[in-house]
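The values are calculated or read from the model by the stated rules, or taken from the named source; none is laboratory data. Quick caveat, the model's predicted, so the values are computed rather than measured. Here the Cβ is made from the backbone with ideal geometry for all residues, glycine too, and neighbour counts use every protein chain on show.
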Amino acid sequence: MSFDIKIAFDNKCVKEGFKPGFGFSAIIYNHFTDNYLLFDTGDNIQTLSHNIKHFGINLKEIKKIIISHNHYDHNGALSHLWRENNNITLYIPDALEEYEQHFPNACIHSFKEFTEIEKNIHVSGQLGTSIKEQALLLKSNKNEWIMLVGCTHPGLEAFIIEARKVLPIGAIIGGFHDFRKYSYLEGISFIGACHCTMNVGSIKERFPDQYRRVCVGDTFSF
Ligand SMILES: [Zn+2]
Ligand SMILES: [Zn+2]
């Protein structure tokens, strides 16, 4: 086992006992380091903290937060999380000065390039022009990427191309927005299109065995 991914926030699908909300967030447990990381925060702390607690995880156990892009449905709960636990390292895609003003004394990193942030976990670096965005890439013990994405405003294919320069992709989880270049998904065995994905029906139709419904409250282990 390399990683457990727990879906803490999504607007479309929810399991009993958990709460839906606008946005996306996933908790990652890294078995190589025994660390919890959080990818995005959803838009509000009440829903996020309810779901994290419902997984039986203490907010203080989260060591690192990675923000995909600076939209409210992805970083809206960050200030509150920071108040509850300021022993967190932040990995942000853009607007470093604004974050530094907002989170004084915080340990904040902003990488333009593909960078390993702890054993077997990499940020893609910033892609896109008007909206800068990063993905999170987990290197599994099968030597393939488990890729977490926010809204993929620069186009999901841009992240796929970058990731495949290094390793094949085994799974993608997150928002695909209006992505339609479906041939890029060939060879990916776990297609977890959720959050803002508009063309779920077409993805399901084209990849019936690979498409996976992703809901708040789900845990996926790779
Ligand atoms: Zn967005
Ligand atoms: Zn979004």
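Brief remarks follow.
- In the set (1) within 16 Å of Ile67 (Cα to Cα); (2) assigned to a loop (DSSP other than H, G, I, E, B), Asn141 fails one condition alone, (1).
- Those helices (runs of 4 or more DSSP H) lying entirely in the stretch 49-104 with at least 3 residues at pLDDT below 95: 78-84, 96-102
- Residue in the stretch 78-108 that is farthest from Cys151 (Cα to Cα), counting only those that are in contact (Cβ under 8 Å) with a residue 40 or more places away in the chain and away from ligand 1 (no atom under 14 Å from the Cβ): Leu81
- Of the residues contained in the stretch 175-193, none is found to be buried (at least 20 other Cβ atoms within 10 Å of the Cβ) and polar (S, T, N, Q).
- Residue list for the stretch 45-71, filter: within 16 Å of ligand 1 (Cβ to nearest atom) and either among the charged types (D, E, K, R) or over 15 Å from His102 (Cα atoms) (or both): Ile66, Ser68, His69, His71
- Remark: pairs (first residue in the stretch 189-202, more than 21 Å from Thr41 (Cα to Cα); second residue modelled with pLDDT under 95; Cβ separation under 9 Å; 6+ apart in sequence or on different chains) = Val200/Lys12.
- Here Leu136 does not qualify as within 14 Å of ligand 2 (Cβ to nearest atom) and buried (at least 22 other Cβ atoms within 10 Å of the Cβ).
- Pairs with Cβ under 6 Å, 6+ apart, first in the stretch 57-72 and under 17 Å from Thr33 (Cα atoms), second within 16 Å of ligand 2 (Cβ to nearest atom) and outside any loop (DSSP other than H, G, I, E, B): Ile62/Leu38; Ile65/Leu38; Ile66/Phe39; Ile66/Leu136
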